[in-house]
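Structure first, then comments.
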Amino acid sequence: MQAADSYFVDFRDVWLAYNDELRAQNHFAVEAIDLQIGRGEFIAIVGPSGCGKSTFMKLATGLKMPSMGKILIDGSPVTGPLKISGMAFQAPSLLPWRTTVDNVLLPLEIVEPHRSQFKAKRKEYEARARALLQKVGLAGYEDKFPWQLSGGMQQRASICRALIHEPKMLLLDEPFGALDAFTREELWCILRDLQAEQKFNVILVTHDLRESVFLADTVYVMSKSPGRFVVKRDIELPRPRDLEITYTKEFTDIVHELRGHIGALRKAGAPIQQ
């Protein structure tokens, strides 16, 4: 059992209603969230549409404050948007008038302490951005504009942008959902390698059960609204994981088990299963 201060993410009986009127009606978007994530852990959250997965992400980044309960990230209470996190979404949302490398540099122009040092350290920061782009397979595309990149390339650049300020936590909301299967699997492997090398925490929200089992240390299943975690499934497949593992019985059995849990959510909610 880990000591409480060794958790990187610690949700303690967190509830969120989107406004006072809904709270007065006991209408919560998420309820009774108790979640402890160790340092460097990769978790995935799956569940039916509208169950509160994205709401959970807003709480984890400090974009929303809980109506009840307490959230600690890296040992400190969350009181507003976190600077130690990076985010990537299904839509890469690159700025069309900026080159790939300039899109990746954007957080360093906005987030302190980098913002005040940006002009003085521009060359150093740009070298870091170019090295990161090369690592994800975008060598030769650093000075191209978003319209010159495929969807998969844009998503690689989006992940680089989320990581350029070297965050301690990466939050991914359906980041590969719009991509074809081959591109998606390539990006799984890139994310796997970056996380293994840099040891940042990852919270991945996905509808893709194969994706969750391939990438995560632990998969959480969220109930339909109001969202709460009803299943915790440790993924004890050995690391590093190769794509070949996705064709094994051991892997597909876990995927089918998770699919069964999600199918069962039409019934009355059950307590969390370990």
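The values are calculated or read from the model by the stated rules, or taken from the named source; none is laboratory data. The structure displayed is predicted, hence computed values, not measured ones. Cβ sites come from the backbone with ideal geometry, for glycine too, and all protein chains shown count toward neighbours.
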Exercise. So which residues in the range 1-33 are among the charged types (D, E, K, R) and either out of contact with any Phe, Trp or Tyr (no Cβ under 6 Å at 6 or more places or on another chain) or at pLDDT below 90 (or both)?
Worked result: D5, D10, R12, D13, D20, E21, R23
Exercise. In the range 104-155, how many are among the small types (G, A, S) and touching a helix residue (DSSP H, G or I) at 6+ places or on another chain (Cβ under 6 Å)?
Worked result: 2
For this session: Go through the residues of the range 93-104 one by one and say whether even a single one is surrounded by fewer than 16 Cβ atoms within 10 Å (Cβ to Cβ) and of a type in the set (V, I, T).
Result: no
Problem set entry | Residues located in the range 196-206, provided they are touching a helix residue (DSSP H, G or I) at 6+ places or on another chain (Cβ under 8 Å) and crowded, with 17+ Cβ neighbours inside 10 Å | F200, V202, I203, L204, V205, T206
Exercise. Does F89 satisfy the criteria of being touching a residue at least 24 places away in the same chain (Cβ under 8 Å), closer than 20 Å to Y220 by Cα, surrounded by fewer than 22 Cβ atoms within 10 Å (Cβ to Cβ) and within 14 Å of the chain's Cα centre (by Cα)?
Worked result: yes
Exercise. Looking at this structure, is S212 of a type in the set (S, T, Y) and modelled with pLDDT of 95 or more?
Worked result: yes
Exercise. Going by the structure shown, is L133 modelled with pLDDT of 95 or more, aliphatic (A, V, I, L, M), under 26 Å from E174 (Cβ atoms) and within 21 Å of the chain's Cα centre (by Cα)?
Worked result: yes
Exercise. Can you find even one residue in the range 239-253 that is surrounded by fewer than 18 Cβ atoms within 10 Å (Cβ to Cβ) and modelled with pLDDT under 95?
Worked result: yes
Exercise. Among the residues of the range 45-61, is there at least one that is assigned to a strand (DSSP E or B), at pLDDT 90 or above and of a type in the set (A, V, I, L, M, F, W, C)?
Worked result: yes
Seminar exercise, completed: Counting only residues that are at pLDDT below 95, among the basic types (K, R) and either touching a Leu at 6+ places or on another chain (Cβ under 9 Å) or part of a loop (DSSP other than H, G, I, E, B) (or both), the range 92-127 contains a total of 3
Exercise. Inside the range 62-81, can you point out the residues that are part of a loop (DSSP other than H, G, I, E, B) and surrounded by 21 or more Cβ atoms within 10 Å (Cβ to Cβ)?
Worked result: V78
For this session: Would you check if there is a residue in the range 153-163 being in contact with a Ser or Thr (Cβ under 7 Å, 6 or more places away or on another chain), farther than 26 Å from V9 by Cα and either part of a loop (DSSP other than H, G, I, E, B) or touching a residue at least 24 places away in the same chain (Cβ under 8 Å) (or both)?
Result: yes
Exercise. In the range 23-35, what residues are crowded, with 16+ Cβ neighbours inside 10 Å and part of a strand (DSSP E or B)?
Worked result: V30, E31, A32, I33, L35
Exercise. Of the residues in the range 211-238, how many are crowded, with 20+ Cβ neighbours inside 10 Å and of a type in the set (K, R)?
Worked result: 2
Seminar exercise, completed: Looking across the range 82-91 at residues that are outside any strand (DSSP E or B) and not hydrophobic (A, V, I, L, M, F, W, C), the single one that is farthest from L16 (Cα to Cα) is Q90
